Amino acid sequence: MVDHGPRVGNRVALTFDADMTDGMLHSLRSGRVRSYANLRILDLLEREQVPATFFLTGKWVQRYPEVTRRIAGNPRFELANHTYGHLAFTGDCYGLPRLPARGMTEDVAKTFRVIEPFGGRQTRYFRFPGLCHDKAALDALAPLGLTVVDGDVVSGDPFAEAWQPLVRAVLDKARPGSIVIMHVTEANASMTDEALPHILAGLRERGLVPATLSEVLTGG
Ligand SMILES: [Zn+2]
């Protein structure tokens with residue numbers, strides 16, 4: 001279980017969670033929400049050749065196979081696991097419906113099976129929805145041989161109403177080895193793409209260089 005890499009060098013990991021719940025799928029189907037896939041983030045990262053790691057839910061991948069292909073096709077992007085349907089692995093986790101303990105191992109194993117056919121830079125990194133976990137949840141996932149990744153820099157981008165606080169939150173806390181948590185879920189994190197250019201510029205000013213999670217965690 002990690003929340004940052006070695007505090008050496010100058011690398012930081014930008015990570016983007018791709019949440020998808022049944023409720024979000026319903027919002028898409030009803031037309032209430034246009035998109036939970038923020039392509040402006042991908043455009044920017046690609047244009048600036050910035051490495052990043054995407055924590056994908058299985059349901060997001062199944063809803064956005066083309067976008068997943070685009071992520072997997074970028075040699076600077078890593079793919080990681082964020083559960084199948086973004087259910088809570090503990091009680092009292094931001095109001096998320098709870099996944100029964102007996103379903104935990106299979107939920108995460110199934111998500112790897114959904115992501116793996118897309119190829120690219122696959123990893124065994126995993127992030128709990130809402131970062132909520134306890135010993136029972138960790139025990140359930142132990143057979144899967146994964147690394148649980150939290151983060152030490154929480155951007156606070158879900159449901160943000162302005163981009164400036166996100167930039168401040170990231171730049172105040174980022175240091176060598178940091179793991180920055182953001183979201184690529186557009187409608188639920190609508191300021192992230194506006195904040196990102198400022199975050200990249202601020203990191204640059206501080207001498208910090210984005211790298212994949214693998215590179216940050218190994219200090220390599
Ligand atoms: Zn999430």
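Applying 1/(1 + (r/R0)^6) with R0 = 41 Å to the Cβ-Cβ distance of residue 102 and residue 2 gives a FRET efficiency near 0.95. A cut-off under 15 angstrom between Cβ atoms defines the neighbours of residue 208, and their net charge, with Lys, Arg +1 and Asp, Glu -1, is +1.
Once the Cβ-Cβ distance between residue 47 and residue 124 is put in as r, and R0 is 22 Å, what FRET efficiency do you end up with, to the nearest 0.05?
With a Förster radius of 22 Å, E is 0.15.
If packing is taken as the average count of other Cβ atoms within 10 Å, what order do 99-105, 49-55, 111-117 fall into, highest mean first? Walk me through the numbers on the way to the answer.
Numbers: 99-105: 14.7, 49-55: 23.0, 111-117: 17.1.
Averaged packing, sorted descending, gives the order 49-55, 111-117, 99-105.
Put a dot 7 Å past the Cα of residue 69, heading toward its Cβ, do the same for residue 159, and the two dots end up 3.5 nm apart.
Could you order peptides 177-183, 28-34 by the average number of other Cβ atoms within 10 Å of their residues, highest first? Walk me through the numbers on the way to the answer.
Numbers: 177-183: 24.1, 28-34: 10.6.
Output ranking for 177-183, 28-34: 177-183, 28-34.
Distances between placed amide hydrogens fall under 5 Å for residue 13 paired with 178, 179, 180, 211, all partners being 5 or more residues away or on another chain.
Carbon and sulfur: what percent of the chain's accessible surface (1.4 Å probe)? Kindly include the intermediate steps, with their values, before the conclusion.
Working: 5010 of 9620 Å².
Roughly 52 percent of what the probe reaches on the chain is carbon or sulfur.
Of the beta bridges in the chain, as assigned by DSSP with both residues counted there, near 5 percent are antiparallel.
The values are calculated or read from the model by the stated rules, or taken from the named source; none is laboratory data. Remember, predicted model here, so these are calculated numbers, not experimental data. Note that each Cβ is placed from the backbone with ideal geometry, even for glycine, and that neighbours are counted across all protein chains shown. We work out accessible area using only protein heavy atoms, side chains counted, and drop any ligands, DNA or RNA first. Shrake-Rupley method; radii C 1.70, N 1.55, O 1.52, S 1.80 Å.
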